[in-house]
Every structure is written in structure tokens, then in C-alpha cells.
Amino acid sequence: MAQLFQVHPENPQPRLLQQAEKLLAGGGILAVPTDSSYALVCRLDDKVAVDRMRRVRQIDDKRLLTLLCRDLSELASYAHVDNRQFRLLKLGTPGPYTFILEATKEVPRRVSHPQRKTIGLRVPDRKGLQLLLELHGSPLLATTLIPPGETEPLNDAEEIAERFGKLIDGVVDAGGCPLEQTTVLDLTPMNSGGDPVVVREGRGSLAKLGL
């Protein structure tokens, strides 16, 4: 059964998140709260864990996963970012935005878009998740925790543990999430002088980004 870590939402206990990170380091999958909804996460470079995570969600390799980063400097190691893109990213991070950018060679081919060589990246604004990323020392791959055949993500840690306890390794319980999807922006048109494209309008305000 998945281990349940009850973490304070504003003052997360490092000891508990260190235990959760050990599960990730050992190839595990965690359910964690973000600033939009609960998500499943695993190590970026662990193909077995990535494949397991896709099986839990029942999604194939055509569905792109998102890279969760601690900050802008880490994000820039995994995506090509020019000055215009950087200024926009600075306005929206940390926050409930997913940015599609051209992937660098640091991103394994299996998790970037096969034709476009792009990747979706986020810098989440959630204290427990930020501490987990800090303890892990590198980005995590993530997918929204929507049960197969359903349309809404789960928002209760105990329900997640009950329904997915045999399929994942741990659940970080730091309270509920806003249950509103991130705003998704494709920044790749900016590489050739174009404007960002709004792929999905969600919790992140477009006005905050000047769009």
C-alpha cells in the first residue's frame, strides 16, 4: 500500500518529505498536491517509473508529461529560452502556468514531443512541492491525477491512497488543491518573432503576463 505523508501546507516538515523523496529516488511514484490539482510524479530519468506512471493513468506515449522545476534557472537547463521568453516566464513563475518550449538535450527523447522536440514545463507555487523538488535536486515528471475514464482530478489524499494505493508508492497529503487546470502557453512561436499562443486558459491569469 502507498505510504501516506501528512504534511503541513504552509510549514511542510522536511523529515516527512525526505522520506517521500527516498521513494522517488528508489524508482517510486508519488501523488502530490500542486497549485492546480493533485499530480503523479516520478524521476525524469527513470524509464520504468515513467512507464508505470503512464499505466496508472492509462495514457500512451503520445500524451506529453510535464516537467516540474524549482525555479527559472533550472527550467532554463531543460528548455531553450531567449530574452523575450525569459521576461514572460519571470512574470508567471512560480505559478499555475505550463509553458511549452523547445527542449534541450537534457530532456530524454521519450518525454519530449517526437516531431517538435518540445516540452511542457512548470514552476509550481506550492510550498510542500517546492521543498520536495529541492530535496530531490532535479525536476520531476508529472501528469495530472485524473482517474482512467473520468474527467476531473482527485482532490482528497485519503481517497487517492484508497483508490491508487496498490499502484503508487506514496501520497503527500498537504490539503486540497484549487482543482483548476493550469494555463498552457506555447512559447515556441516567439523563437521566430511571433507571439505566444494560448493553448488552454486556466487558473493562471493572462493579464498577469501582459496577454
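Note on region 51-80: residues that are over 18 Å from Thr144 (Cα atoms), in contact (Cβ under 8 Å) with a residue 40 or more places away in the chain and in contact with a Phe, Trp or Tyr (Cβ under 9 Å, 6 or more places away or on another chain) total 3.
If you go through region 115-128 and keep only what is at pLDDT 95 or above and either of a type in the set (Lys, Arg) or over 15 Å from Leu75 (Cβ atoms) (or both), you end up with Arg122, Arg126, Lys127, Gly128. Among the residues of region 12-37, those that are within 13 Å of Asp173 (Cα to Cα) and modelled with pLDDT of 95 or more comprise Pro12, Gln13, Leu16, Leu17, Ala20, Leu30, Ala31, Val32, Pro33, Thr34. Within region 1-45, the set of residues being among the small types (Gly, Ala, Ser) and in a loop (DSSP other than H, G, I, E, B) comprises Ala2, Gly26, Gly27, Gly28, Ser36, Ser37.
Contact map, region 152-166: residues that are over 16 Å from Val7 (Cα atoms) paired with residues that are in a helix (DSSP H, G or I), Cβ distance under 7 Å, separation 6+ or inter-chain. Pairs shown: Leu154/Ile160; Phe164/Val56. Is it true that Val48 is among the hydrophobic types (A, V, I, L, M, F, W, C), within 15 Å of Leu145 (Cα to Cα) and outside any loop (DSSP other than H, G, I, E, B)? So Val48 does not fit the description; no. Of Gln13, Gln85, all but one fail to be free of Cβ contacts under 8 Å to residues at least 24 places away in the same chain and surrounded by 14 or more Cβ atoms within 10 Å (Cβ to Cβ); the exception is Gln13. Per this entry, Tyr78 is not counted among residues that are aromatic (Phe, Trp, Tyr), at pLDDT 95 or above, touching a strand residue (DSSP E or B) at 6+ places or on another chain (Cβ under 8 Å) and buried (at least 16 other Cβ atoms within 10 Å of the Cβ). Is it the case that some residue within region 143-151 is surrounded by fewer than 16 Cβ atoms within 10 Å (Cβ to Cβ), part of a helix (DSSP H, G or I) and of a type outside the set (Ser, Thr, Tyr)? The answer is no; no qualifying residue exists.
Val7: within 16 Å of Leu129 (Cβ to Cβ), in contact (Cβ under 8 Å) with a residue 40 or more places away in the chain and buried (at least 18 other Cβ atoms within 10 Å of the Cβ), yes or no? Taking the combined requirement at face value, the residue satisfies it. Considering region 93-114, and only residues there that are among the polar types (S, T, N, Q) and outside any strand (DSSP E or B), the residue that is modelled with the lowest pLDDT turns out to be Ser112. Inspect region 149-171 for any residue being under 16 Å from the mean Cα position of the chain (by Cα) and on the phi > 0 side of the Ramachandran plot and give the result as yes or no. No, region 149-171 contains no residue that is under 16 Å from the mean Cα position of the chain (by Cα) and on the phi > 0 side of the Ramachandran plot. Scanning region 60-75 for residues that are touching a Pro at 6+ places or on another chain (Cβ under 9 Å) and modelled with pLDDT under 90 turns up Asp61, Lys62. Every test in (1) within 18 Å of Thr182 (Cα to Cα); (2) surrounded by 15 or more Cβ atoms within 10 Å (Cβ to Cβ) is passed by Glu102 save one, and that test is (1).
The values are calculated or read from the model by the stated rules, or taken from the named source; none is laboratory data. If you're wondering where the values come from, they're calculated on a predicted model, not measured in any experiment. So basically every Cβ, Gly included, is an ideal-geometry build from the backbone, and we count neighbours across all protein chains shown.
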